Amino acid sequence: MSRNGARDFKVGRGPWPVINVGGELERAEREWLHTNGAGAYAMSTLALMHTRREHGLLVAALDPPLGRTVVLSHAETSVSVGDRNYRLSTHQFPNVAPTPGYRLLAQFSQDPLPRWRYRLGKAWFERSLCLVRGRNAAVMRYQWHGFHPARLSVMPLMPLRRQDRLAREHGGIVQRVTLRPGQVEVRPVNELPPIVFAHAGMFMGSPDWWRRFEYVDDRGRYDDWQEDMWTPGTFELTMEPGATTYLLAAVGELPKEAPEALMQEAIDFLRAQDPGETHSGVVRTLSLAAASYRAENCGRAAVLAGYPWLGAPFRDWLISIDGLYLACGKIDEAKRTLATVLEHQHAGLLPEMLPEAGMPQARPCPDATLWLFHAAGKLASKVGANDPFVQAELYPALVRAFERLSQTDAEGVRATPHGLLVTEDERQPVTWMDARGSHGAVTPRNGVAVEHQALWAAGTEVLARLADALDDVATLERVRPASMQARSAFRARFWCNETEYPFDCISEVGDTADAWADPTIRPNAVLALAAAPELFDEWQARSIVTRAKDELLTPRGLRSLSPRDPRYEGVYAGTPGERDASYHQGTVWSFLLGAYVRASLKAHPSDMALREELRILLEEAVDGGPVLGHPAQLADGEHPHRLRGCPAQAWSVAELLSALVEDLVVS
């Protein structure tokens, strides 16, 4: 689809997209994403005109799955046939139209590797890109379908910087190139490992800078959106009609396997993620997308929250477990990634995110810790309490979390004698609505948040069931009363009769002059109903779903605030401060559709027409994201609900897939 959401491409057989570009730039503005299972990725527009600083052909994970560094941004490519030279690149430079390489691009496909097909006169030229599974290396394959030999020129453009920064021409580049038979090694920046190329042609060393590449999507998001890039020189390769040639780029050292074998390994893996023709197209598409966020080929199995700029926050990670792993039948992989999570538990609580090497442990995150109970319950329902991982690792971690969260005198998060879970932190919001502006929290929700109390009630019940199944009487005797108290406290104070909807947050006390309750209509009540439906009577569940459908539901997800609220900001645009102000004040979040489906099914369990309506809603929400095959993080609250935020996000994929496969049982 184009950026305004109109369909302008055809989808290939099965889940593999095929876009007929036909030399039109608008059709080539969609983005593609390709990952290596260890944090490295390649991403750009179909025209290979980078519009974000995070785009690149090899964005390496130097601290797998983190430490993302743009090593190879572009492979500047031209093909010469006789006296004709075809330059295939498209770039945006200041104050001029994009360079016209896109006019030669006939088709893009990802079946399963990204592949570009160019029409060069009466001949065809194809290039494909493959990231090597588990390694910071890229294979570029070139195929020539012409009548006469052609000469291929490839110039690597290398900014060599962290993905969130920009490079500027400077004198610190080491202009030394080491040549070996069929190999070229450079180490222009001492802080990074060497970059090695393997080729079957000739290398023309000519270190230089290319200047003022412009990233149009960074305008407004950053103060600067222009970059300079260094190149060591140009590779010259001769292509005979029908021939294939390769160029490899690797960080550190080259893979020992042949490029054909490396590409086949990636192809086999990606095709294995497709559940097959017995499943619907949208389930197949989301199943393939799910693999992009699972970092399984590295020492720290992790969930990456989104591309191209989100890291590995534990909240997103745990919310995504069900959809990315369990709905895909990846039980052992789910255990492995949960083991990584548990390694970072400290004093019962999880930190905000997986740290990079050399970085301190992030601050404790009670929100992520509550979602750990949710993920544990999902896994235990699949494998049983006596599963060795559940019994030996997951269950003890839940006990530690319960003991910390149930303390009544702790700082940041604590339980009250009446069964409420209070979260307090003046420095930073502690719920998923955690955006901060220049004047502090955009959506301050201190006190008792409705979804936190529901997760606490549901989490204690999960722990109680496991304690009972494992004959842990001592733990059961502590947890069961806490679970009953949490449920009783919720039912006593969270329902707002005036709105016929739960309060979003309440104060710790309920019977004094200092008591307060926030009746704001937000989607957190839907999260609460989905997580712990037993907290609500049937009429309450129906009332929640009815109001959410009336005020929050859009074709792209749920609004984060009712448009009837005077604080509503429905458009995510403008300066960073303006975007922060709207982040949870009306923008639409795709991942909330999963909770909406579960809440709707709890409210109307026998309504078959509703199930079909929900299926259509989910399938339409997947279509048309900025990145092929991936739903985006956000959309505007107002029609046409333009997609915003992180263009490819893990919990959006996970929650839509889980709702389809686990809740609606769509095959």
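One table, with the values for the structure above:
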read-out: Selection status of residue 430, aliphatic (A, V, I, L, M), modelled with pLDDT under 95 and open to solvent by 20 Å² or more (accessible area, probe 1.4 Å); value: no
read-out: Hits in the stretch 554-573 - residues which are in contact (Cβ under 8 Å) with a residue 60 or more places away in the chain and not in a loop (DSSP other than H, G, I, E, B); value: 554, 557, 559
read-out: Residue within the stretch 488-501 that is touching a residue at least 12 places away in the same chain (Cβ under 8 Å), closer than 27 Å to residue 316 by Cα and assigned to a loop (DSSP other than H, G, I, E, B) present; value: yes
read-out: Identity of the residue in the stretch 491-512, under 16 Å from residue 457 (Cα atoms) and out of contact with any strand residue (DSSP E or B) (no Cβ under 9 Å at 6 or more places or on another chain), that ends up surrounded by the fewest Cβ atoms within 10 Å (Cβ to Cβ); value: 492
read-out: Filter result for residue 35 (of a type in the set (S, T, N, Q), buried (at least 23 other Cβ atoms within 10 Å of the Cβ) and in contact with a Phe, Trp or Tyr (Cβ under 8 Å, 6 or more places away or on another chain)); value: yes
read-out: Sole residue being touching a Pro at 6+ places or on another chain (Cβ under 9 Å), among the basic types (Lys, Arg) and without any contact (Cβ under 8 Å) to a residue 60 or more places away in the chain, chosen from 87, 68; value: 87
read-out: Pair list, Cβ under 8 Å, 6 or more apart: the stretch 459-485 residue more than 19 Å from residue 415 (Cβ to Cβ), other residue open to solvent by 70 Å² or more (accessible area, probe 1.4 Å); value: 469/386; 470/386; 470/391
read-out: Residue ID - modelled with the lowest pLDDT, chosen from residues in the stretch 271-283 that are open to solvent by 30 Å² or more (accessible area, probe 1.4 Å) and assigned to a helix (DSSP H, G or I); value: 281
read-out: Failed condition for residue 92, given (1) of a type in the set (S, T, N, Q); (2) surrounded by 17 or more Cβ atoms within 10 Å (Cβ to Cβ); (3) in a strand (DSSP E or B); value: (3)
read-out: Residue check, residue 661 open to solvent by 10 Å² or more (accessible area, probe 1.4 Å) and modelled with pLDDT of 95 or more; value: yes
read-out: Among (1) within 15 Å of residue 499 (Cβ to Cβ); (2) buried (at least 16 other Cβ atoms within 10 Å of the Cβ) - the single one residue 535 does not satisfy; value: (1)
read-out: Test result for residue 483, under 22 Å from residue 433 (Cα atoms), of a type outside the set (Asp, Glu) and crowded, with 19+ Cβ neighbours inside 10 Å; value: no
read-out: Complete set of residues in the stretch 324-346 that are in contact with a Phe, Trp or Tyr (Cβ under 8 Å, 6 or more places away or on another chain) and either within 17 Å of residue 659 (Cα to Cα) or surrounded by fewer than 20 Cβ atoms within 10 Å (Cβ to Cβ) (or both); value: 324, 331, 333, 335, 339, 344
read-out: Test: residue in the stretch 326-340 that is under 23 Å from residue 130 (Cβ atoms), modelled with pLDDT of 95 or more, part of a loop (DSSP other than H, G, I, E, B) and not β-branched (Val, Ile, Thr); value: yes
read-out: Criterion: farther than 19 Å from residue 130 by Cα, at pLDDT 95 or above and part of a helix (DSSP H, G or I) - qualifying residue of 287, 292; value: 287
read-out: Selected residue [among the acidic types (Asp, Glu), modelled with pLDDT of 95 or more and either farther than 21 Å from residue 434 by Cβ or in a loop (DSSP other than H, G, I, E, B) (or both)] from 411, 393; value: 393
read-out: Residue satisfying condition, being outside any strand (DSSP E or B) and open to solvent by 10 Å² or more (accessible area, probe 1.4 Å), within set 97, 47; value: 97
read-out: Residue match in the stretch 360-367 (condition: closer than 17 Å to residue 398 by Cβ, surrounded by 17 or more Cβ atoms within 10 Å (Cβ to Cβ) and at pLDDT 95 or above); value: no
read-out: Output for the stretch 574-620, where each listed residue is surrounded by 13 or more Cβ atoms within 10 Å (Cβ to Cβ), among the small types (Gly, Ala, Ser) and part of a loop (DSSP other than H, G, I, E, B); value: 574, 586, 590
read-out: Subset of the stretch 538-573 [modelled with pLDDT of 95 or more, within 23 Å of the chain's Cα centre (by Cα), under 21 Å from residue 443 (Cα atoms) and open to solvent by 10 Å² or more (accessible area, probe 1.4 Å)]; value: 553, 559
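So that you can scan it fast, the table gives a plain yes or no per residue for (1) under 16 Å from residue 480 (Cα atoms); (2) buried (at least 24 other Cβ atoms within 10 Å of the Cβ); (3) among the acidic types (Asp, Glu):
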{"position": "379", "(1), (2), (3)": "no, no, no"}
{"position": "384", "(1), (2), (3)": "no, no, no"}
{"position": "387", "(1), (2), (3)": "no, no, yes"}
{"position": "398", "(1), (2), (3)": "yes, yes, no"}
{"position": "402", "(1), (2), (3)": "yes, yes, no"}
{"position": "408", "(1), (2), (3)": "no, no, no"}
{"position": "434", "(1), (2), (3)": "no, no, yes"}
{"position": "446", "(1), (2), (3)": "no, no, no"}
{"position": "465", "(1), (2), (3)": "yes, no, no"}
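The values are calculated or read from the model by the stated rules, or taken from the named source; none is laboratory data. Just so it is clear, the model here is predicted, and its values are computed rather than measured. A quick note on method: Cβ atoms are made from the backbone with ideal geometry, for glycine too, and the neighbour counts reach across all protein chains shown. Protein only, heavy atoms only, side chains kept; ligands, DNA and RNA dropped before computing areas. Shrake-Rupley method; radii C 1.70, N 1.55, O 1.52, S 1.80 Å.
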